[in-house]
Amino acid sequence: MISFILRIIVGGIFLISGLAKISDPVRFVLTLREFDIFPEIIVPFTAIYIPWLEFIIGLCIILGILHRASSFMLACLIFIFTIAIISVIIRGMEIDCGCFGLLADMLKIPDMADMKAVIRNLIFIGMCIYIFKAKKTAFSLENYFKKV
Amino acid sequence: MKRLLTEILFIMTMALVVSLLYNFVSPTGIKIIKKTSKNKVEIKEEPTWQK
């Protein structure tokens, strides 16, 4: 049951943040440029691919389809984001982390690339590991199809 | 382990296909590729959240 609750929280957050980035790809391109990590040629493709990956992983986690693979992938993705944020902190830059895209502006949530974002990401990674380790999870489509 | 890798590959491929399809359908996505394919050409369009 705990893994189900965690699935809803983690999956929901990444589904919504993915949607927010999909709806405004230009902003995500600008954020990736601000990070100054990726080569310029990769930036547009990353800005197109990552939000959809987040969205699909979030959907899979919520519905309980391939939940082990999707939680593992999400943990890896958040780990990469965390490294990017840490590199920004080390370089002493004060930029938007772009984690929630348009949603952060709409809800007026602070979305800076700082230690708070790192701690939040570490909590998400912990949740993903819990979901990954759970062999069975309640209310999942995978279990439903196995029964049918 | 093999199953996990297959599932990961499946999700990544699905995301790639959907993102490319959406990019070619959505006018915003095509603009991004066209504008950034020429190296060091900045996006001149005002971001939507500032409008």
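Can you tell me how many residues in the stretch A:1-18 are touching a residue at least 40 places away in the same chain (Cβ under 8 Å) and out of contact with any Leu (no Cβ under 8 Å at 6 or more places or on another chain)? Steps first, please.
Initial filter on the stretch A:1-18 (touching a residue at least 40 places away in the same chain (Cβ under 8 Å)): A:1-4, A:6-18.
When the remaining residues are screened for being out of contact with any Leu (no Cβ under 8 Å at 6 or more places or on another chain), the result is A:1-4, A:6-9, A:12-13.
Within the stretch A:1-18, residues that are touching a residue at least 40 places away in the same chain (Cβ under 8 Å) and out of contact with any Leu (no Cβ under 8 Å at 6 or more places or on another chain) number 10.
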Would you please name the residue that is surrounded by the fewest Cβ atoms within 10 Å (Cβ to Cβ), looking only at residues in the stretch A:34-64 that are within 17 Å of residue A:9 (Cβ to Cβ) and hydrophobic (A, V, I, L, M, F, W, C)? A:59
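Throughout, read-outs are computed from the coordinates displayed, never taken from laboratory work. Because the structure is a prediction, the values reported are computed rather than measured. Positions of Cβ are generated from backbone atoms using ideal geometry, with glycine treated the same way; all protein chains shown enter the neighbour counts.
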